[in-house]
Structures are given as structure tokens and as C-alpha cells.
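A.B. asks: Before we start, here is the structure in question, set down as C-alpha cells.
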Amino acid sequence: MKEEKCIFCKLANGEIPSATIYENEDFRVILDLNPATKGHALILPKEHFANIFEMPEEWEMKAFALAKKMGAKMMEVLKCDGFNVIQNNGAAAGQTVFHFHIHLIPRYENDGAGITWVQKTLSEEDKKEILEGFRA
Ligand code: 5GP
Ligand code: ZN
């Protein structure tokens, strides 16, 4: 299923041109328009799924297998020192385009990309509540 007005549907299916670094029957991998680092790319499925929860398991497996394959290729081509695989679900998690995508972010020593968070301490209260929730 394609969504009429979805920009990533159009990019994935070549209706809008993009800087494509890889393509197969199910996915297109394109350079991000506003990269965090040099080579930042996006894996886009050619079918429309708003997020990971809408995506069938067979697609998930193919998507993350491709992330690993692209990561290895990007390490080789871009000579980066590390690699982030990021996948946002929901506005609260930073998702801005509601067509599933995986960010492939090559990392270079001291690149200043700032992909991090403020570390807090796991409280005893939170730990107890969370563990009880999962055991229920
Ligand atoms: P999100 O925040 O939803 O996880 O990521 C959306 C990503 O898509 C952002 O990194 C943004 O720069 C990228 N992006 C948004 N629109 C376009 C576009 O038209 N072309 C490309 N190549 N990237 C886009
Ligand atoms: Zn779409």
C-alpha cells in the first residue's frame, strides 16, 4: 500500500528523485537531506508503514538485515569510525515523517553530532514499578 500524500512513499518509489545509494525490490536507501554527519542515510520501505508497529515481521527482519549490510558498506566506503542505527516511532520519540525509516548515521571521531541523552539514575521506585508492570 502506498499513501497518496506521503513524501517517503514518493521518494522510496522513485516518483521524486533522490540521492540513492542502494535499491532493491523492497527498499530504497537515500541520503538524508539534513544529515547529522557525512553519509547519513535513510532506509525506506517501498510499502507504507507509519511506524515499526505497523510493519509486518518479515519486513522488520529485512529492514534490519539491510541496516547491517548498509552499515558494513558505509564503514568501508566512508571510512567512518562507528555507526548509529536509529529508528524513531512517534512524535515524542522524534519521528517527523510518519513512514517507517531507519537512520544510518556514520560516526567519525569528534564529529560533534551530539546523538546522546542526559543520563539519569534508575530509582528504586521506578525499577519496582517497571518490573511489576512487565511481570503482570
Ligand atoms: P525522523 O525525525 O522522522 O526520524 O526523520 C526524518 C528524516 O527525514 C530527517 O532526518 C529529515 O532530515 C529527513 N527528510 C525529511 N524530508 C526529506 C526529504 O524530502 N528528502 C530527504 N532525503 N530526507 C528528508
Ligand atoms: Zn509512505
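The values are calculated or read from the model by the stated rules, or taken from the named source; none is laboratory data. Computed from a prediction, not measured in an experiment: that's the story for all the values here. Please note: Cβ atoms are built from the backbone with ideal geometry, for glycine as well, and neighbour counts cover all protein chains shown. The protein model used for the area step is the full one, side chains on, heavy atoms only, and it has no ligands, DNA or RNA in it. Shrake-Rupley method; radii C 1.70, N 1.55, O 1.52, S 1.80 Å.
A.B. asks: Give all pairs with beta carbons closer than 6 Å in which a residue from the stretch 17-28 that is farther than 9 Å from Lys46 by Cβ meets a residue that is open to solvent by 60 Å² or more (accessible area, probe 1.4 Å); count only pairs at least 6 apart in sequence or on separate chains.
C.D. replies: So the pair list comes out as Ala19/Leu31.
A.B. asks: Against the conditions (1) outside any loop (DSSP other than H, G, I, E, B); (2) exposed (fewer than 15 other Cβ atoms within 10 Å of the Cβ), where does Asn110 fall short? Just the number, please.
C.D. replies: So Asn110 meets the others, but not (1).
A.B. asks: With respect to Val97, determine if the residue is in contact with a Phe, Trp or Tyr (Cβ under 7 Å, 6 or more places away or on another chain), at pLDDT 95 or above, open to solvent by 30 Å² or more (accessible area, probe 1.4 Å) and within 26 Å of Cys9 (Cβ to Cβ).
C.D. replies: Details: in contact with a Phe, Trp or Tyr (Cβ under 7 Å, 6 or more places away or on another chain): yes; at pLDDT 95 or above: yes; open to solvent by 30 Å² or more (accessible area, probe 1.4 Å): yes; within 26 Å of Cys9 (Cβ to Cβ): yes.
So Val97 fits the description; yes.
A.B. asks: Just to be sure I understand, how many residues within the stretch 16-49 are assigned to a loop (DSSP other than H, G, I, E, B) and within 11 Å of ligand 2 (Cβ to nearest atom)?
C.D. replies: Let us first name the residues in the stretch 16-49 that are assigned to a loop (DSSP other than H, G, I, E, B), namely 16-19, 24-26, 32-40, 46-49.
Add one more test, that the residue is within 11 Å of ligand 2 (Cβ to nearest atom), and what stays is 46-49.
Counting residues in the stretch 16-49 that are assigned to a loop (DSSP other than H, G, I, E, B) and within 11 Å of ligand 2 (Cβ to nearest atom) gives 4.
A.B. asks: Can you find a residue that is out of contact with any helix residue (DSSP H, G or I) (no Cβ under 7 Å at 6 or more places or on another chain) and open to solvent by less than 30 Å² (accessible area, probe 1.4 Å) anywhere in the stretch 117-135?
C.D. replies: Initially, the stretch 117-135 is screened for residues out of contact with any helix residue (DSSP H, G or I) (no Cβ under 7 Å at 6 or more places or on another chain), giving 117-135.
Restricting the remaining residues to those that are open to solvent by less than 30 Å² (accessible area, probe 1.4 Å) gives none.
No: zero hits.
A.B. asks: Taking interchain pairs and intrachain pairs at least six residues apart, which have beta carbon atoms under 7 angstrom, with the first residue in the stretch 69-91 and farther than 17 Å from Pro45 by Cα and open to solvent by 70 Å² or more (accessible area, probe 1.4 Å) and the second at pLDDT 95 or above and part of a loop (DSSP other than H, G, I, E, B)?
C.D. replies: Listed by first residue and then by second, the contacts come to Asp81/Tyr108; Asp81/Glu109.
A.B. asks: Taking the condition of being more than 11 Å from ligand 1 (Cβ to nearest atom), in contact with a Lys or Arg (Cβ under 9 Å, 6 or more places away or on another chain) and of a type in the set (Lys, Arg), how many residues in the stretch 1-43 meet it?
C.D. replies: 1
A.B. asks: Of everything in the stretch 58-98, what is among the aromatic types (Phe, Trp, Tyr), part of a helix (DSSP H, G or I) and either within 16 Å of ligand 1 (Cβ to nearest atom) or within 14 Å of Lys38 (Cα to Cα) (or both)? Give them in sequence order.
C.D. replies: Filtering the stretch 58-98 for residues among the aromatic types (Phe, Trp, Tyr) gives 59, 64, 83, 98.
After this cut, where a residue has to be part of a helix (DSSP H, G or I) as well, the list is 59, 64.
Correct list: Phe64 only.
A.B. asks: Further question: Being more than 16 Å from ligand 2 (Cβ to nearest atom) and closer than 26 Å to Pro17 by Cβ is the filter here, so list the residues in the stretch 50-75 that pass it.
C.D. replies: Lys62, Leu66, Ala67, Lys69, Met70, Gly71, Lys73, Met74
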